[in-house]
Structures are given as structure tokens and as C-alpha cells.
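Beneath this line is the structure, given in C-alpha cells, with notes to follow.
Bear in mind these aren't lab numbers, they're just calculated from the coordinates by the rules spelled out. All values derive from a computational prediction rather than experimental measurement. Cβ placement follows ideal geometry from the backbone for every residue including glycine, while neighbour counts extend to all protein chains displayed.
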Amino acid sequence: MMVFTLAAHELRRLFLSPLAWAVLAVVQFILAWMFLAQIELFMQWQPRLQQLDSPRGLTDIVAVPLLGNAAIVLLLVVPLLTMRLISDERRGQTLSLLISAPLTMTEIVIGKYLGLLAFLGIMLVLIAAMPLSLLLGGGLDLGLLAAGLLGLALLLASFAALGLFMSALTPQPTVAAVSTFGALLLLWILDWAGGLAESGESALLRGLSLLRHYESLLTGAVDSRDLAYFVLFILAFLVLSIRRLDSDRLQN
Amino acid sequence: MDDTLIRVEHLSRHFGALRAVDGVSFEVRRGEVLGFLGPNGAGKSTTMQMLTGNLAPTTGRITLNGIDLLERPRAAKACVGYLPEQPPLYRELTVDEYLALCARLNRIPRREARAAVGRAKSRCGLESAGGRLIGNLSKGYQQRVGIAQAIIHTPPVVILDEPTVGLDPIQIREIRALIAELGREHSVILSTHILPEVQTVCSRVLIIDRGRLVLSESLEDLNRGLGETGLRVAFEQPPADTAAIAALPGVTSIQDLGDGRLRVCHGPDAEPAAALARLAVERGWGLTELSPERRTLEQVFVELVHQDGNRAENAA
């Protein structure tokens, strides 16, 4: 399968650059810091929680905030990983190697996307390893954790799709990174505009906000509406990327 | 079987109002090396990008190895190896890794990929560079890697956009020898600015100017045309009447260049130099200079491109 050849090539290229290693190290360090802070908090609250007979446990207090914070950190980091996907190839003229090869534009885009997803998958496993390590000494709500991890995975896949599209738009990697970051942040805070009023527009804005759909998964509610939102988001930007690359060849 | 590997019919590409390529048609048969000449911005690279599927033509048809490029792009592209103007190299890979990737991209099965990489390397003189990072190679070696990439799947059609740019004279000779070798089993299209290169490796010449084809001739025919030559002579006491020279066998015309110099034009097979020298001694004209003149490909190129420019200016 050509798509997997391309994906493997993309992943390999990511790891050949120091950027990928730096990103993994920095993200892991920051999230570990946050993770340990949450554990500290849990230790302080633990006696009171027992007195109150509260249902909130380790997963609620440690794992869910960790995943919430991871989303914010990765919102900053993913644009740096996606910025070079296509813009670099366009700049280095290596795109014509792929286009001259017997590949369709769809295969090129999907291959690159899967390569990046593989990298984000590795990052996700490293992040998941932190809360899972608590299983050594305590009990976790695995269902809640799984819903949260699914949410983070879908969120990262959406970040990557948007980043890929931005990278297809411009030959300047930094422009791609800034645009991706701006677009993601806007989608993140889109529901602020609606305020608390229950008008039609605010419902629409909430429906488009990345944060809202992620938050509902973090509460452990796997709603098909949220899943559909992420899947449509990813597909839309992949199709736009393919169209964008195709239009380079066609009449302008 | 039809031996025409590349067939281009009425190919045009417009960029807005600019007609980068305008109604170009040509064919290349197996075993031909086509030299593609033209001034900067004439449309050479655009044509090559269209032939390799990197640009879609505005109008026209391209058939590669009997397969229509626009209808079945994947099958047609599998028949082409392409070296763009700037070699498409991943600087962070080693030569072996890069060529292995190219082999896979061109659908060479995994077990045959290693042999294909070895073959491409040995053809391009890269045996000793396999483990080196492409980014650390010299320009000449990078160019070779670019050519190795284009021929790794032994495509019937090889398209090289200025393959000898940036190479030293020895490397240029080697690459020319490689192109000549490729030309025996594949069709090769080669664009270049270097005119002697065309004369040494190509079997046919296309000259393109402002998107239009101004010359398409086999090198043999072209050389025959170039055979129409002359002699440049200078005398101390130039003869007032050149009728005696015009009467020499083979002489077709005489031009006075002033300052006692003449250009004596003669047919391709005539050799009037000896007779002319004898005549000059007999008449005591004091021959000081006698040199053969050949029309070069360069002159043909300049004339065609120049004429065309004038025509365009007149039209404007």
C-alpha cells in the first residue's frame, strides 16, 4: 500500500529532525509536572473526600485535568509539527517527486496525514502512560479514562487535519504554523462569543467549538454527535487539502 | 508494436493572459534522445512539467507509452522518470534511504528494491556515496542522485530538465555518456542551455521560443543544413572584380565584408580552398587569411529565436 509507504516515510522524516524529539521531551516534561501537581492535590484532599463519602476519585482529580491540560499544550505544539508537512515539500521542490510518481493526490495527502497521526499516537501513548501508572497503587475509572483518551485522540487528529490544510496553502512553514494556531485557538474559544444567553447563534457557535465537544467526552459521555463532529472536521480538512494540491496543477 | 513512446498533440498551457506553451506537438520514438532548446522562459520547463503530470495542460493531449496521461494518470506516470530543474531530494536522508524510498514510490516490489537501488547507483557512479547524507553531498553528486531517482524503475520515458547544470567538466562527460546509454533503450527528453551538449548526445532537436515550436529536426538533417558553409579570406591587394573567384567550382556566392575581406560561400561537398589559394598566388592578391566557416547550432538557434522576436515586435 502506497499510503503506508508514504506514512512510514513521513514518520521517519519527523524523527530525523530534532524537532520531533524536542516536542516529545518538552510535552512530556510539562505534562508530568502538571500530573505530579494534581497527585499532590489529591493527596491533600484524600482524607476529606473519604469523610464526605464523595464519588470523585483519582480519575476525576488527576487524569481528567491532565487530559484537559494536554489539549491546551498540544494546541500550541501540533501547529509546529504540521507546518512542514506540505509547505516544506513545496519549498524544497520535493513535492514533484511525489506528484511524478504513480500516486494520486489523495494517496499523497492521506499518506502524510497518517504519518503524522502515527507520531501523535506515540505522544498519546506517552501521555496515557502517566495516569495508567496510578494503577500500581490505586484504582482508576477506566471507562472515564478511555472516553477522555478517545477525546484527546480525536482532538489531535482534528488539529492535524487543520494543520495539514494550512500547510498546503502556503510555502512558508511559519505562516502555516501561525495560521493553524490562530484557527485552532479561534475554534477553541468560539463559544465565548455566545455568552450565557440561550439564543440560536450561541447554540451554533457552541456546536462549532472544539472545546465543547472535547469537554463532553472528558466527562465520560461518549455522544455520537461529538464523534460525528470530529470525524466531519477531519474529513472536511483532508478533502480541502486534496483539492488545494490538485488546484496547483490545474488552471489558476 | 508502435514505437512512439511520447506523443504530444497541440499542447497549450496558459497562466492568466500569458501563453507559456502554445500549441506544441511532437513525438519521440524509442531510442531517441530529444534535445529541448530555448531561451529562458520559453516554456521548456512548463512543457516538461506537463509531460510528467505536475501541471495540467489547458488544451492538448499527452500520450506516454500509448497511455493517455490525462485519462489514466497513474499508469502513465509509472512509465516516466523525471528530474526537475531542482532535484527533488530529501536532504536529511542518506542516498540509499532516498533511493529505496523512490523505488517504493514507483511501486517496485520490496524484494527487488535493493537490486534496483544498486543498479541505479552503479549507473550514476554513486556506489561509494550510498551511506552519505544527501545534504552533505556536492552539487554534482546531488545531481547524480536526482538522475538515479529518475531511472530507478527503468521507465521507458526519461525526462531530464537541465541535467548537467552545476557539474564539473568530467562529470558532464559522464552524465552525457549516461544519457547516450539511456537513449539506447529508453526515450529521453533533455532540456539544456548548452548547445554543444545537444550536438553530442541528442538525435533530434526541438527549439521552442515564447511557447511555440520553431524548429523540430533530426540532428542529421540539421547537420546537413549546417554543411552549407563558407570560407573567410583576406587579401593585401583585394581584387576589384571577384568574377574569377565566383567562377571557381563549387562557389555559390561572394560577400564583401570590407577591409579586403570576403566571405566565399560554397556547397556542402565542394572544397574550393586549395583552388582559391592557387588563384590568389597566381594573381598576386597577397592572401593573408583563409579559414573555413561553419554555421553552428548556436547560429541557427540565435537566428530562429531572434527572427521570432522580431516578428513578435512587428506584430505588436
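Note on B:85-92: average number of Cβ atoms from other chains within 10 Å of each residue's Cβ is 5. Highest mean packing first, where packing is the average number of other Cβ atoms within 10 Å per residue, the peptides A:209-222, A:158-171, B:75-88 line up as A:158-171, B:75-88, A:209-222. The smallest convex shape that holds all Cα atoms of the protein assembly as shown, its convex hull, gives 214 Å³ per residue. Each Lys and Arg adds +1 at its Cβ and each Asp and Glu adds -1 at its Cβ; summed about the Cα centre, segment B:228-293 shows a dipole of about 100 debye.
Could you list log10 I(q)/I(0) for chain B at q = 0.11, 0.13 Å⁻¹, which the Debye formula gives when each Cα is one point scatterer? The calculated log intensity ratios at q = 0.11, 0.13 Å⁻¹ are -0.77, -0.95.
When only alpha carbons are used to place a centre, segment A:128-199 and segment A:204-252 end up 11 Å from one another.
A straight Cα-to-Cα reach below 14 Å connects B:K44 with the aspartates and glutamates B:D22, B:E85, B:D161, B:E162, B:D209, residues fewer than 8 places away in its own chain not being considered.
Partner aspartates and glutamates whose Cα lies under 13 Å from the Cα of B:K121, excluding those fewer than 8 positions away in the same chain, are identified as B:D96, B:E97.
Taking every pair of distinct Cα atoms and averaging 1/r, then inverting, what Kirkwood hydrodynamic radius in Å comes out for segment B:228-293? If you can, show how the numbers build up before the last one.
Values: mean 1/r = 0.0866 Å⁻¹.
It is 11.6 Å.
Look at the stretch A:89-97: the mean tally of other chain Cβ atoms within 10 Å of its residues' Cβ atoms is 6. In chain B, the longest principal axis of the Cα atoms and the axis of helix B:139-151 are about 70 degrees apart.
Just tell me how shielded B:104-116 is by partners: mean number of partner chain Cβ atoms within 10 Å of each residue's Cβ, no decimals.
Working: counts 7, 12, 5, 5, 0, 0, 1, 0, 0, 0, 0, 0, 0.
Neighbouring Cβ atoms belonging to other protein chains average 2 per residue here.
Straight-line cross-link partners of A:K112 among the aspartates and glutamates, defined as a Cα under 16 Å from its Cα and at least 8 positions apart when in the same chain: A:E10, A:D88, A:E89, A:D246.
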